[in-house]
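Report on the following structure.
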Amino acid sequence: MTQVESGHYFQKGYNKKGRFCSYWHQIDEVYRLQPERILEIGIGNGFVAGFLRNAGFEISTMDIDTELKPTIIGSVINIPVPDNSFDVILCCQLLEHLPYENFIPALIEMRRVVKTGLIISLPDMKLVHRIHVETGIGKISFFYPKFLSRPIAWKFDGQHYWNINNAGYPLKRILSDIEEANLKLIRHYRVPENPGHHFFLLNK
């Protein structure tokens with residue numbers, strides 16, 4: 001069931017600078033992996049798929065919203081393609097739109113469909129300060145928790161059922177459930193320019 005109208009993804013309030021920084025990280029991770037076939041689950045405004053397609057990558061898209069005109073109509077917990085159909089799956093800012101009991105089943109289903117790995121991002125609600133340092137030889141960004149910040153309780157808001165670091169959804173639970181789905185964590189990080197987006201790079 002769709003939660004928002006297709007026009008939602010083209011509103012100025014949705015397409016903020018930080019979101020485009022996250023798009024850059026999605027694209028950068030794809031370039032690192034150099035896959036032959038990509039599946040993007042959850043099209044949004046189509047920016048990432050369009051860029052990658054124009055860059056020469058073979059990319060299919062999947063969504064439950066037919067108005068977004070995906071290549072494949074389907075759900076992340078029931079992907080209508082054979083095993084090992086794609087080299088890499090992109091699934092960013094989507095899984096939190098499902099009740100958490102679907103998290104592991106969705107990971108298992110994506111594992112079935114992919115040959116190599118997954119690029120996933122999830123919302124992270126932990127309040128942090130960002131430190132960014134640039135010098136003539138490089139740059140570094142890191143975060144530290146805001147003083148006395150505590151997990152915030154969350155109720156379904158019409159879109160998100162849960163977020164990382166809400167009460168009951170600590171990062172360690174997410175990492176444990178990734179392992180439970182028989183996926184190997186390569187690395188994870190929060191986007192320096194948009195710390196509300198937490199990336200996970202996973203392999204079979």
Worksheet item: Stretched out fully, how many nm does the piece from Phe156 to Ile72 gain, at 0.36 nm a residue minus the Cα gap?
Response: 27.5 nm
Response to the item:
Expressed in angstrom, Rg and Dmax over the Cα atoms of the stretch 6-203 are 16.7, 50
Practice prompt. Would you please give the residues with an amide H less than 5 Å from that of His160, counting only those at least 5 places away or on a separate chain, with H modeled from the backbone geometry?
Written response: none
Worksheet, complete the sentence: Under the Karplus relation with 6.51, -1.76 and 1.60 and θ = phi - 60°, whole-Hz ³J(HN,Hα) for the stretch 44-59, x at Gly and Pro, equal x, 8, x, 4, 5, 4, x, 5, 5, 5, 5, 7, x, 7, 8, 10
Worksheet, complete the sentence: The long-range amide H neighbours of Ile59, using H built 1.01 Å from N in the peptide plane and a cut-off of under 5 Å, are Ile38
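A short reminder: the numbers here are calculations on the coordinates, not readings from a lab. Computed from a prediction, not measured in an experiment: that's the story for all the values here.
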